[in-house]
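A.B. asks: Once you've had a glance at the structure underneath, I'll fire off some questions.
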Amino acid sequence: MSDSGATATPIAEDLSRAAIARVDPSDQLGDVLALPEHLRDALWRVESAIMQDWDTTAGLVVAGMGGSAIGGALARAALGDHASRPIFVTRAYGLPTWTTPDTMVLCASYSGETEETLACYESAGALGAKRTVVTTGGRLAEMARADGVPVIPLPGGFQPRAAVAYMIVAALEVAALCGAGPRLTSEIDVAASHIEQLVTEWGPDAAEDSLAKSLARGLLGSTPVIAGAGLTTPIAYRWKTQINENAKQPAFWHELPELDHNEIVGWEGAGDVGRFSAVFLDDSDAHPRVKERMDITERLIAGNAFASFRLETRGQTAIERVISLVLLGDLVSIYLAALRGVDPGPVKVIDELKAALAAR
């Protein structure tokens, strides 16, 4: 299959550790494989922040951007119907208009320098809302410590998107502390062991025909369009952004049942404008009607797609199921980068954008 990326030089379809290392000098693969360890370390770091219980009846707002925001969305999905208060993720310069002193605002910024999140931190203070911060440092940590706001410390040295386990755990634990959901500490610890098994099954030491490697090869040369439903909706978004940043190529996402009211029609002409692959992310515990809808949608789209894939969550608890597909998507994005011959680490255009904004 051909590759349209002007800067990519496809390599042999060998997805061994050695082959991936040739295009991955910063070892982004290693950060993905360490996901179970990150989950356990995150629990310790949350506990070390010595936070008190808050009863914020208006719920939880997670303020962040990019890889720092996705943790809130994934945590909300993992809690599902067990969330007892609203959990809202804002990716903007401001907070929802309904934010009050009875709201907990978790400001998440890996670098501590994300300008949108800094603005939300200040807005939360002006509104008298309760605040918690999760970061490696920067101005966000400085302001929080000066204000007596709890800081959940993150380890340095990652790309922000590689800190996903830390961001999920931070959001889940803060949700529990503010009364927005149950405490899932033990479930997170068990999930780490479950994910270790999947790392073995899908990682670089697995057979070349393993699920993650086969999927990456099947997507090569096409634009992935990922669909989720319910619990897998934010996971579909995570897949899209990981393919964008790691594999350095376009990818898009949508959710069921909404896509059945618009996007499904667009697939009729997909072959006329490019190569688009359909990826459906299913949940093993999804409502039967959702599964039926996904079955029919996949059948109607598949004939017009470059390729079509159906993946299902693995695990017993919601947190296990969420993390299982996060791991799979992260691995697929790294494998795609290797197949395309691009370094998954740098995000030069984002750095250029930030520099241009800072100069204004």
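The values are calculated or read from the model by the stated rules, or taken from the named source; none is laboratory data. This one's a predicted model, so the numbers in the text were calculated from it and none came from an experiment. Methodologically, a virtual Cβ is constructed for each residue, glycine included, from the backbone with ideal geometry; neighbour enumeration extends over all protein chains shown.
A.B. asks: Could you check how many residues of the stretch 268-287 are closer than 19 Å to Thr233 by Cβ, at pLDDT 95 or above and surrounded by fewer than 20 Cβ atoms within 10 Å (Cβ to Cβ)?
C.D. replies: 0
A.B. asks: If you scan the stretch 214-235, which residues turn out to be in contact (Cβ under 8 Å) with a residue 40 or more places away in the chain and among the hydroxyl-bearing types (Ser, Thr, Tyr)? Before the answer, list the steps.
C.D. replies: Here is the first cut: in the stretch 214-235, the ones in contact (Cβ under 8 Å) with a residue 40 or more places away in the chain are 215-235.
Within the stretch 214-235, Ser222, Thr223, Thr232, Thr233 qualify.
A.B. asks: Follow-up. For the stretch 156-257, list the helices (runs of 4 or more DSSP H) that sit wholly inside it and hold at least 2 residues that are of a type in the set (Lys, Arg) and either within 27 Å of Ala21 (Cβ to Cβ) or in the same structural domain as Leu43 (by TED's automatic domain parsing) (or both); which are they? Steps first, answer last, please.
C.D. replies: Numbers: elements: 164-177, 185-202, 211-219, 233-246.
The helices (runs of 4 or more DSSP H) meeting that bar are 211-219, 233-246.
A.B. asks: Does Ala229 satisfy the criteria of being surrounded by 19 or more Cβ atoms within 10 Å (Cβ to Cβ), within 27 Å of Gly30 (Cβ to Cβ) and touching an Asp or Glu at 6+ places or on another chain (Cβ under 7 Å)? Walk me through how you get there before you give the answer.
C.D. replies: On the way: surrounded by 19 or more Cβ atoms within 10 Å (Cβ to Cβ): yes; within 27 Å of Gly30 (Cβ to Cβ): no; touching an Asp or Glu at 6+ places or on another chain (Cβ under 7 Å): yes.
So Ala229 does not fit the description; no.
A.B. asks: Where in the stretch 261-312 are the helices (runs of 4 or more DSSP H), entirely inside, with at least 3 residues that are in contact (Cβ under 8 Å) with a residue 12 or more places away in the chain and closer than 25 Å to Ser333 by Cα? Give the derivation first.
C.D. replies: Values: elements: 263-266, 270-273, 288-302.
Because the criterion is at least 3 residues that are in contact (Cβ under 8 Å) with a residue 12 or more places away in the chain and closer than 25 Å to Ser333 by Cα, the helices (runs of 4 or more DSSP H) in the stretch 261-312 that meet it are 288-302.
A.B. asks: Of the residues Ile70, Ile20, Ile87, which is closer than 30 Å to Lys213 by Cα, within 17 Å of the chain's Cα centre (by Cα) and either buried (at least 16 other Cβ atoms within 10 Å of the Cβ) or hydroxyl-bearing (Ser, Thr, Tyr) (or both)? Spell out how you get there, then give the answer.
C.D. replies: Working: Ile20 fails: within 17 Å of the chain's Cα centre (by Cα); Ile87 fails: closer than 30 Å to Lys213 by Cα.
Going through Ile70, Ile20, Ile87 in turn, just one is closer than 30 Å to Lys213 by Cα, within 17 Å of the chain's Cα centre (by Cα) and either buried (at least 16 other Cβ atoms within 10 Å of the Cβ) or hydroxyl-bearing (Ser, Thr, Tyr) (or both): Ile70.
Yes or no, residue by residue, for (1) within 24 Å of Leu184 (Cβ to Cβ); (2) surrounded by fewer than 21 Cβ atoms within 10 Å (Cβ to Cβ); (3) assigned by TED's automatic domain parsing to the domain that holds Gly179:
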| site | (1), (2), (3) |
| --- | --- |
| Ala49 | yes, yes, yes |
| Ala58 | yes, yes, yes |
| Leu74 | yes, no, yes |
| Thr100 | no, yes, yes |
| Thr114 | no, no, yes |
| Ala124 | no, no, yes |
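A.B. asks: Here's a check for you: in the stretch 303-360, which residue that is under 19 Å from Pro250 (Cβ atoms), surrounded by fewer than 22 Cβ atoms within 10 Å (Cβ to Cβ) and acidic (Asp, Glu) is nearest to the chain's Cα centre (by Cα)?
C.D. replies: Asp343
A.B. asks: Right, another one. I need the full set of residues from the stretch 138-155 which are part of a loop (DSSP other than H, G, I, E, B) and surrounded by fewer than 17 Cβ atoms within 10 Å (Cβ to Cβ), in order please. Please lay out each step first, then the result.
C.D. replies: Residues of the stretch 138-155 part of a loop (DSSP other than H, G, I, E, B): 148-150, 154-155.
If the condition is that a residue be part of a loop (DSSP other than H, G, I, E, B) and surrounded by fewer than 17 Cβ atoms within 10 Å (Cβ to Cβ), then Gly148, Pro155 are the ones that fit.
A.B. asks: Still on this structure, please answer the following. Looking only at the stretch 16-68, count how many residues are touching a residue at least 12 places away in the same chain (Cβ under 8 Å) and in a helix (DSSP H, G or I).
C.D. replies: Looking only at that region, the number is 23.
A.B. asks: Mind counting the residues in the stretch 317-360 that are free of Cβ contacts under 8 Å to residues at least 24 places away in the same chain and more than 19 Å from Gln159 (Cβ to Cβ)?
C.D. replies: Count: 4.
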